[in-house]
Amino acid sequence: MKKVLFFFISLSVGTGLLVWIIRSIGWEEIELAFRSFSPAAGAIILFLTILANLVRSYRWKTILKSQGYNIPLLRALEYYLSGNAISFFVPMVIFGGEIFRGYDLKEKYAMPWSKSIASVVIDRISEFTIYTIATILGMVFFIANANLPSYKIGITIFSVFILIIALVCFFYFKSFKKESVVHFFFKKFNAQNSDSAETAIEVEKEIFQYYKPKKKTMWQGFGLSFLTELILLTRTFLLILFLGKSVGVFSAVSIGAFSSLALILPIPAALGSHDIVQSFVFTALGLGAAAGAAFVLVIRGAELIAALIGLFFFFKFGIQFLRSFLLKKIGKLFDH
């Protein structure tokens, strides 16, 4: 009940922010920003969005293969889009999409829970690592070149990403030394003997097994994450051009970095939050707040289509699971 209430509260907050930013900029100005945008441009943005998800699915497939499970690419894509649909529509359910992917693997392929969950965590870590590197470059450029209203804003932005860098470095330091982070925290809270602690430690072992500097699959995962980042950077760069603006590569990286930052907030479809962030960024880069709002509307539209496709697969898997569950129950009744 609390999660349902939180969903409607966050949705209301996001809608309020969206209405506020549109009124502040003016709908006429946003419409004007779309004057050079065409249906063909929209098709290209959608294609790049689907392509990025396909590469992500292939990365996840390679992770699963390294664990001894050769899942067909199209099935991996279905699971991936299903998980992304959950994250898109209900981001307040933390790791909801990842848990769904892990659970479905467990049910369909009899994959141990520790391995299935580890695979989706590894997938996220690989992508987050490359995102962090790209974000650092983007933030450095943004702070150095953007017309910020206050130097304090620049310091705050830089401090946030320094913290992220520290966390990433801490993880890899522990991973390469094979020192358990999970055990440390469970011990701190006197919960090391619980069932959840045992499962978490097993998941951590699978993660450490993957992240070995001499392991080819780790570098393959980073390579596919880098390819995903290039596709998304191309999408950002082209969309800005389609909106009649001109930017350099580092400006596009900065815009992409702030998109990732906006998605951290648990608001469905990043309503309002993404619009406000990009309006600020586009204004600071001299591109205009209206172009920022138009940029977000196009990106959200492409991501929404991908999420709706994922939602179809989500309900398809849900119906299959429910049917299987009922058949098992009926079978047990006949056995009795």
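The condition of being assigned to a helix (DSSP H, G or I), among the hydrophobic types (A, V, I, L, M, F, W, C), in contact with a Gly (Cβ under 7 Å, 6 or more places away or on another chain) and farther than 18 Å from N84 by Cβ holds for only one of A257, A252, that being A257. Inspection of region 42-58 identifies at least one residue that is under 30 Å from F222 (Cα atoms), without any contact (Cβ under 8 Å) to a residue 40 or more places away in the chain and of a type outside the set (A, V, I, L, M).
Let's see how each residue does on (1) within 23 Å of K61 (Cα to Cα); (2) surrounded by fewer than 19 Cβ atoms within 10 Å (Cβ to Cβ); (3) at pLDDT 80 or above; (4) under 15 Å from the mean Cα position of the chain (by Cα):
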residue: Y109; (1), (2), (3), (4): yes, yes, no, no
residue: W113; (1), (2), (3), (4): yes, yes, no, no
residue: S126; (1), (2), (3), (4): yes, no, yes, yes
residue: I130; (1), (2), (3), (4): yes, no, yes, yes
residue: F142; (1), (2), (3), (4): no, no, no, no
residue: L148; (1), (2), (3), (4): no, yes, no, no
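Applying a threshold of 6 Å to beta carbon distances and a minimum spacing of six or more residues, or different chains, the list of pairs starting in region 20-35 at a residue that is part of a loop (DSSP other than H, G, I, E, B) and ending at one that is surrounded by 12 or more Cβ atoms within 10 Å (Cβ to Cβ) and aliphatic (A, V, I, L, M) reads F34/A294.
Yes/no matrix, rows are residues, columns are (1) surrounded by 20 or more Cβ atoms within 10 Å (Cβ to Cβ); (2) more than 19 Å from L48 (Cα to Cα):
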{"site": "I240", "(1), (2)": "yes, no"}
{"site": "A257", "(1), (2)": "yes, no"}
{"site": "S260", "(1), (2)": "no, no"}
{"site": "V277", "(1), (2)": "yes, yes"}
{"site": "G286", "(1), (2)": "no, yes"}
{"site": "V296", "(1), (2)": "yes, no"}
{"site": "R300", "(1), (2)": "no, no"}
{"site": "I305", "(1), (2)": "no, no"}
{"site": "L308", "(1), (2)": "no, no"}
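The values are calculated or read from the model by the stated rules, or taken from the named source; none is laboratory data. Computed from a prediction, not measured in an experiment: that's the story for all the values here. In this analysis, Cβ positions are derived from the backbone assuming ideal geometry, glycine residues included, and neighbour counts consider all displayed protein chains.
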